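So the structure is just underneath, and the comments pick up after that.
Here, each number is a calculation from the coordinates, and none is a lab measurement. All values derive from a computational prediction rather than experimental measurement. Here the Cβ is made from the backbone with ideal geometry for all residues, glycine too, and neighbour counts use every protein chain on show.
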Amino acid sequence: MAQANLLTDSDIIELTGYKQRAKQAHVLREAGIEFVERADGKIKTTWYHVNHPSHLRHAIAQEEPDFSAFKA
């Protein structure tokens, strides 16, 4: 079931527009999509990482909560 969240090799090509792994990695890095490069050189990532790029996750996490609704 964990593999259901992984993008296929075809998905990676469609997402990045490249078949070359170095170019795929470059596009994913530029987009803030976290991925791993396997020992065989293939790029792997999950749909979660595609839909939640790191720059958006970190920006949301750094926002201060709004405590104005709380009364002292």
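Extension gain for the segment Leu6 to Lys42, taken as residue separation times 0.36 nm less the Cα-Cα distance, is 11.7 nm to one decimal.
Each label point was placed 7 Å from the Cα along the Cα-to-Cβ direction; for Glu34 and Ser54 their separation is 0.8 nm. Bridgeable lysines around Lys19 (alpha carbons under 30 Å apart, same-chain partners fewer than 8 residues away excluded): Lys42, Lys44. Label separation (Glu14 vs Lys71): 5.4 nm, computed from points 7 Å beyond Cα along the C-beta direction. Residues in region 29-34 carry Karplus couplings, in order, of 4, 4, 8, x, 8, 6 Hz; the curve used is 6.51 cos²θ - 1.76 cosθ + 1.60 with θ = phi - 60°, and Gly or Pro positions show x.
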